[in-house]
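The values are calculated or read from the model by the stated rules, or taken from the named source; none is laboratory data. These figures come from a predicted structure and were not determined experimentally. For neighbour counting, all protein chains shown are included, and Cβ atoms are generated from backbone atoms with ideal geometry for every residue, glycine included. Protein only, heavy atoms only, side chains kept; ligands, DNA and RNA dropped before computing areas. Shrake-Rupley method; radii C 1.70, N 1.55, O 1.52, S 1.80 Å.
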Amino acid sequence: RWLLGRTGDLAGRRVVVTAGGTREPVDPVRFLGNRSSGKMGFALAAEALARGAQVRLISAPTALTPPYGAEFVEVETTLQMLEAVRQAVATADVLVMNAAVADFRPAAPAPRKIKKEELRADEGARADAQAEAEEVLTLRLVRNPDILQELTHLSAAQTDTAAAARSAPAPLAEVSGSSPSRSSETPARPRRLIRVGFAAETHDVLSYARQKLAQKSLDLLVANDVTRPDSGFGSDTNKVYIFHADGGLEELPVMPKEEVAAAIWDRIVPLLGTN
Ligand code: CTP
Ligand code: CA
């Protein structure tokens, strides 16, 4: 499945890209979703492939065709995406978390299609004097786990395991970057998962972005203002700010999403140098 013998500055690297917007079921025919088109995530996956990486693209439903050569994993909910990402990062060098992840899900999705007339009868029985209340449906939502946050612990644990295995005589079972070109020279090595986050904001873009970089202890955070007509959901172009873990901030011009993807990988590659 992986294409071998590729060249490029990501040759021999395993990268995981998430894309699209997760969907949370309300009942069997309805979901809570968001406006992510998946374009930026698919462009990131295509660019990594072109640079020789082994790419696993974990995507919530989109209208797009996955780039040829990527290992494509389609998920729907945030919990499913968390599980898929957990499995994928076990052997990955980089996680680019571009998906727009639903922060909440219905606490108890209805097992059968919700019928508006039945709801009206229920509500009416409780508040028969309030005709307007009969037109209200209340959905109870619960918080989803934060995938990037969860992996802070996971990647730390993996690093510990790798370090322990390095000092022990037995070879490490789990080796990252195990393509033929790399595995011969590095049969076992400690691995740090490079984590890249995104922030789609409508206001106070820069301050929220800086907070997210720190809170999720990311290597890079790519922020954009989704109220701009040339950026964000569904657009073919994007204007982004890139925050670096060391405090650096870059403002990029409006560019096609493919070029933004290239600019992002240009910043990830140097971080891989010491891995
Ligand atoms: N993210 C995640 N798991 C979640 C929510 C978000 O891994 N449950 C990731 C996104 O994929 C993105 C980054 O965290 O890379 C920032 O997502 P964003 O929604 O902007 O931040 P939140 O921390 O969810 O804050 P808020 O939505 O309240 O602004
Ligand atoms: Ca969120």
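Let me cross-check Thr237: its accessible surface, 1.4 Å probe, with only protein heavy atoms counted, in Å² to the nearest 10? Approximately 40 Å² for this residue. Counting heavy atoms of the protein chains alone, Phe104 has an accessible area of about 100 Å² for a 1.4 Å probe. Here's the picture: charge each Lys and Arg Cβ at +1 and each Asp and Glu Cβ at -1 in the range 61-110, and of Pro61, Pro106, Ala92 the one pushed furthest to the positive end of that dipole is Pro106. For the range 19-106, the solvent-accessible area with a 1.4 angstrom probe is 38 square angstrom per residue.
For Arg228 and Thr7, the difference between the fully extended length at 0.36 nm per residue and the C-alpha to C-alpha distance is 75.9 nm. Each Lys and Arg contributes +1 and each Asp and Glu -1, all at the Cβ; summed about the Cα centre of the range 1-115, the dipole is approximately 260 debye.
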